[in-house]
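The values are calculated or read from the model by the stated rules, or taken from the named source; none is laboratory data. Just so we're clear, the structure is a prediction, and the values are computed from it rather than from any experiment. Using ideal geometry, Cβ is built from the backbone for each residue, glycine included, and neighbour counts are taken over all protein chains shown. In case anyone asks, the SASA skips ligands and DNA or RNA and just uses the protein heavy atoms, side chains included. Shrake-Rupley method; radii C 1.70, N 1.55, O 1.52, S 1.80 Å.
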Amino acid sequence: MKKILILTFLLCGFAFADDFKFSSEYLEYDVYWKFLNLGKIRVITKVEGDSIYSWIQVKSNPYIFFVNVDYAFESKFHKDSLYDAILFVYEMKDGIPLKTAFERNREYLVARQVDVRNGNLKGERSIIYPDRYYQGITAFFVARKLCGTGVVVYLPLLFATEEKVEFPPFVVRVEKVKFDFSERREDVKVNSFDSEIRTIKFSGYAPFVSKELAGITGEFSGWLSDDWARVPIKATFNTFLGVVRLELSKWEKSGWNPPFKTK
């Protein structure tokens with residue numbers, strides 16, 4: 001299994017931003033390297049009472065030969081309990097559609113991969129990790145809750161990395177990543193809008209390299225809307241190409257529009 005950035009956080013005892021509110025939404029992002037569009041990220045979230053269902057697709061531009069990424073992530077969890085939620089990851093490898101489930105089993109974190117066509121088990125890995133954790137989708141919301149709180153934390157990141165000399169050909173690891181959820185406000189400009197948008201900035205540092213996701217490593221930054229929705233507006237990452245940026249291009253969210261800078 002290729003190295004998949006799962007973005008899993010352990011977060012206990014930190015104050016969340018009081019004004020963030022869950023609501024159903026569709027968010028779409030363009031991924032740029034300089035002026036070249038590398039692909040899209042789509043996020044679908046549905047809120048049903050206290051339950052949250054979210055699906056994220058990361059897909060590279062098929063006309064860009066030097067980047068090949070096509071993953072989907074799926075999870076369901078309670079809005080007041082973002083930790084230990086099961087995560088499903090979908091990918092295509094050598095023409096075979098694969099589904100990998102990451103979940104808690106007592107003191108273990110277990111990754112179990114099957115062939116979607118017939119349900120046959122392709123491989124299973126586990127590590128001892130008794131502490132609470134957050135997986136990739138719930139981490140998306142943890143960042144939105146923590147944004148603007150002024151805390152600096154080192155959060156465990158769970159990911160699967162390729163290991164060709166063993167079977168199954170992947171292992172599960174946890175690495176600590178620095179996040180600085182500052183109170184810094186900035187007005188930012190993205191390609192899809194004529195006006196600047198009011199945002200709150202956070203930053204961080206990843207000590208590892210995700211080769212399959214364009215070599216993401218090192219410093220990264222994000223800008224979330226400065227309002228109750230905390231919608232990600234822009235993000236930047238270091239990759240093997242250089243700095244890559246994500247920009248909000250489309251959205252469907254009841255009662256929300258980007259908080260544009262007033263003159």
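Quick check, is ARG117 farther than 30 Å from PHE35 by Cα, part of a loop (DSSP other than H, G, I, E, B), touching a residue at least 40 places away in the same chain (Cβ under 8 Å) and open to solvent by 70 Å² or more (accessible area, probe 1.4 Å)?
no
Just the residues that are hydrophobic (A, V, I, L, M, F, W, C), open to solvent by 50 Å² or more (accessible area, probe 1.4 Å) and either in contact with a Gly (Cβ under 9 Å, 6 or more places away or on another chain) or assigned to a loop (DSSP other than H, G, I, E, B) (or both), please, taken from the range 238-263. Let's see the steps before the verdict.
Going through the range 238-263, the residues hydrophobic (A, V, I, L, M, F, W, C) turn out to be 240-241, 243-244, 246, 248, 251, 256, 260.
Next, only the ones that are open to solvent by 50 Å² or more (accessible area, probe 1.4 Å) stay: 240, 243, 251, 260.
Passing the criteria: only PHE240.
Looking only at residues in the range 211-241 that are charged (D, E, K, R) and more than 16 Å from ASP30 (Cα to Cα), which one is modelled with the lowest pLDDT?
Among them, the one singled out is GLU212.
Answer yes if at least one residue in the range 177-188 is more than 26 Å from VAL89 (Cα to Cα), surrounded by 20 or more Cβ atoms within 10 Å (Cβ to Cβ) and modelled with pLDDT of 90 or more, and no otherwise.
So in the range 177-188, the residues more than 26 Å from VAL89 (Cα to Cα) come out as 180-188.
From what is left, the residues that are surrounded by 20 or more Cβ atoms within 10 Å (Cβ to Cβ) are 181.
Adding the requirement that they be modelled with pLDDT of 90 or more leaves 181.
Yes, the range 177-188 contains a residue that is more than 26 Å from VAL89 (Cα to Cα), surrounded by 20 or more Cβ atoms within 10 Å (Cβ to Cβ) and modelled with pLDDT of 90 or more.
Mind checking which residues of the range 71-95 are aliphatic (A, V, I, L, M) and open to solvent by less than 40 Å² (accessible area, probe 1.4 Å)? Break it down stepwise before answering.
To start, the set of residues in the range 71-95 that are aliphatic (A, V, I, L, M) comprises 72, 82, 85-87, 89, 92.
Result: ALA72, LEU82, ALA85, LEU87, VAL89.
Taking the condition charged (D, E, K, R) and surrounded by 17 or more Cβ atoms within 10 Å (Cβ to Cβ), does ARG125 pass?
Judged against the criteria, ARG125 is a match.
Which pairs do you get when a residue that is free of Cβ contacts under 8 Å to residues at least 40 places away in the same chain, found in the range 21-40, comes within reach of a residue that is open to solvent by less than 60 Å² (accessible area, probe 1.4 Å) and of a type in the set (A, V, I, L, M, F, W, C), reach meaning Cβ atoms under 6 angstrom, with the pair 6+ apart or on two chains?
Pairs found: GLY39/VAL31.
Name every residue in the range 69-98 that is closer than 25 Å to GLY123 by Cα, in a loop (DSSP other than H, G, I, E, B) and within 18 Å of the chain's Cα centre (by Cα), in order of residue number.
Across the range 69-98, the qualifying residues are VAL69, TYR83, ASP84, ALA85, ILE86.
Of all residues in the range 139-163, how many are closer than 21 Å to PHE22 by Cβ and at pLDDT below 85?
2
Examine the range 162-170 for a residue that is assigned to a loop (DSSP other than H, G, I, E, B), touching a residue at least 60 places away in the same chain (Cβ under 8 Å) and not hydroxyl-bearing (Ser, Thr, Tyr), and state whether such a residue exists.
yes
Out of the residues in the range 134-161 meeting the condition of being hydroxyl-bearing (Ser, Thr, Tyr) and open to solvent by 10 Å² or more (accessible area, probe 1.4 Å), tell me which one is nearest to SER75 (Cα to Cα).
Restricting to residues being hydroxyl-bearing (Ser, Thr, Tyr) and open to solvent by 10 Å² or more (accessible area, probe 1.4 Å), the top hit is TYR134.
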